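Below is one structure, written out as structure tokens, with a few remarks after it.
The values are calculated or read from the model by the stated rules, or taken from the named source; none is laboratory data. Since this is a predicted model, take the numbers as computed values, not measurements. Counting neighbours? That spans all protein chains shown, and the Cβs are built from the backbone with ideal geometry, glycine included.
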Amino acid sequence: MSNPKRMPAALAVRVLLVLGLSAAPALAQDTAQPAPTPAGQSAFAPQPVTYASAADAAAAAQKFADEARAAYPKGSANIDQALWTQAAAAAEAAVLAESGNADYLKLRAQIYTEVGFWRQAEVTWAAYFKIVPAVPGSPEAQQAGAAQYNLGYSAYVRSQPDLAARYFAECLNLDPQSAQCAGWAARTALEGGDYARAQTLYAQAVALTPADKSLKYFQGLAQKAADYGPAATGAFSRAYADLDAGRKDKALEGFQAAAQSAPNFAEAWRQAGKLALAMGNAQAALAAYQGAVALPGADATDKFNLALAQEGSQFGLDAVRTFRAAYSKYSGGDKGAAESGFQQATTQNPDYAKAWAWLGRTRYEAKNYAGAAEAYGRAVALNPNDKSSAYYLKLAQQGK
């Protein structure tokens with residue numbers, strides 16, 4: 001293989017044009033905004049180089065790609081890495097020299113796919129499929145499908161559901177066995193109010209990955225979606241995606257919006273309540289579980305969490321959780337750990353009368369009458385109507 005040489009200026013311009021314009025498929029041509037370059041990557045513009053032949057350029061591209069795989073950590077491939085940049089540039093040179101060579105077209109598309117340069121992967125796979133028609137499910141179609149999936153997810157995150165749906169649909173055309181594309185195609189159909197299609201696609205996704213609990217969860221939601229309407233189901237679905245991405249505040253807002261849009265949407269109330277409790281937001285949890293408990297299908301968990309939210313809104317969730325953990329210790333016979341827990345709850349909220357009362361009880365049962373009298377005294381001062389604490393306070397003061 002000869003050493004790469006600088007190509008003439010006119011040919012260099014042609015290389016850059018190839019990168020931006022070659023073989024854009026119909027799906028990409030009518031989009032106002034192509035998917036952005038992956039985070040941390042700039043738009044790719046190779047150094048213009050030429051080789052003695054297209055075969056030499058392709059061999060160089062393969063060599064640089066092999067060196068890149070050996071040099072960089074697995075899973076870190078990026079077009080900005082020097083070896084990958086050289087591989088892509090060499091592949092572009094090979095295609096430029098022999099634009100109808102299927103092997104060179106495939107090599108170029110595979111390089112862009114491996115580095116996660118999804119927009120360019122889409123364009124270059126389309127160029128390859130013009131020479132070698134796509135066979136759904138083939139290795140090449142699966143790689144092209146991965147580009148469509150990633151472009152679709154990027155569009156979804158940018159709140160472009162119609163565009164995302166089209167990318168996911170194209171992914172399924174290329175790779176009918178892709179559970180992730182079936183699942184996300186179903187998600188966009190659900191959010192768009194096409195419940196029949198959503199159910200069909202969720203059934204397809206579940207058949208491909210029967211153990212995926214999330215898919216089964218949304219399959220059930222799709223079956224009930226007509227009861228809630230597109231606004232509520234759309235808000236719920238996007239809230240779930242926000243939760244998966246770690247955007248908890250936004251997810252909570254979405255679940256709340258879904259429940260407010262469809263007050264009969266029990267799962268929206270529950271998800272809002274569960275998330276609010278996890279975030280330490282007792283007031284939001286209280287409102288959510290009040291909504292859930294008001295519905296006919298309310299269960300024991302809803303009622304338990306409502307009580308937790310009610311008490312948490314008064315004394316703080318941390319103190320209430322500490323108290324409940326201590327009570328579990330007490331019920332299990334570990335009274336020493338229970339006493340320590342009740343003491344911690346009173347420290348977290350000194351106005352927590354029930355925690356003082358149970359602290360008094362554990363101390364009384366341990367015959368620590370002075371400590372029991374102190375705790376019972378605080379309980380009675382905070383809640384004068386607590387007759388049990390008042391009774392045991394007198395006994396503790398008498399040392400019996």
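A few comments on the model shown:
- If you go through segment 370-400 and pick out every residue that is part of a helix (DSSP H, G or I) and crowded, with 19+ Cβ neighbours inside 10 Å, you end up with 11.
- Neighbours by Cβ (under 8 Å, 6+ apart or cross-chain): first from segment 222-233, under 14 Å from residue 188 (Cα atoms); second buried (at least 21 other Cβ atoms within 10 Å of the Cβ) and hydroxyl-bearing (Ser, Thr, Tyr): 222/202; 225/233
- Close pairs (7 angstrom Cβ cut-off, 6 or more residues apart or separate chains): in a helix (DSSP H, G or I) and of a type in the set (D, E, K, R) in segment 46-71, at pLDDT 95 or above and surrounded by fewer than 19 Cβ atoms within 10 Å (Cβ to Cβ) anywhere: 67/83
- Picking from residues in segment 252-267 that are assigned to a helix (DSSP H, G or I) and hydrophobic (A, V, I, L, M, F, W, C), the one that is surrounded by the most Cβ atoms within 10 Å (Cβ to Cβ) is 255.
- Enumeration of residues in segment 142-155 that are among the hydrophobic types (A, V, I, L, M, F, W, C) and either assigned by TED's automatic domain parsing to the domain that holds residue 105 or over 20 Å from residue 99 (Cα atoms) (or both): 146, 147, 151, 155
- Residue that is touching a helix residue (DSSP H, G or I) at 6+ places or on another chain (Cβ under 6 Å), small (Gly, Ala, Ser) and under 24 Å from residue 283 (Cα atoms), where the choices are 338, 345, 396: 345
- Scanning segment 168-221 for residues being touching a residue at least 40 places away in the same chain (Cβ under 8 Å) and assigned to a loop (DSSP other than H, G, I, E, B) gives a total of 4.
Residue by residue, here is whether (1) buried (at least 20 other Cβ atoms within 10 Å of the Cβ); (2) touching a Leu at 6+ places or on another chain (Cβ under 7 Å) holds:
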| position | (1), (2) |
| --- | --- |
| 88 | yes, no |
| 105 | yes, no |
| 117 | yes, no |
| 125 | yes, no |
| 130 | no, no |
| 136 | no, yes |
| 139 | no, no |
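- Qualifying residue in segment 293-307 (condition: among the aromatic types (Phe, Trp, Tyr), over 21 Å from residue 362 (Cβ atoms) and surrounded by fewer than 17 Cβ atoms within 10 Å (Cβ to Cβ)): yes
- Set 128, 202, 156: member being in contact with a Lys or Arg (Cβ under 9 Å, 6 or more places away or on another chain), under 23 Å from residue 104 (Cβ atoms) and of a type outside the set (Lys, Arg): 128
- Here 280, 333 are screened, and the one residue that is out of contact with any helix residue (DSSP H, G or I) (no Cβ under 6 Å at 6 or more places or on another chain) and at positive phi is 333.
- Boolean, residue 246 is in contact (Cβ under 8 Å) with a residue 40 or more places away in the chain, within 25 Å of residue 179 (Cα to Cα) and outside the structural domain of residue 180 (by TED's automatic domain parsing): no
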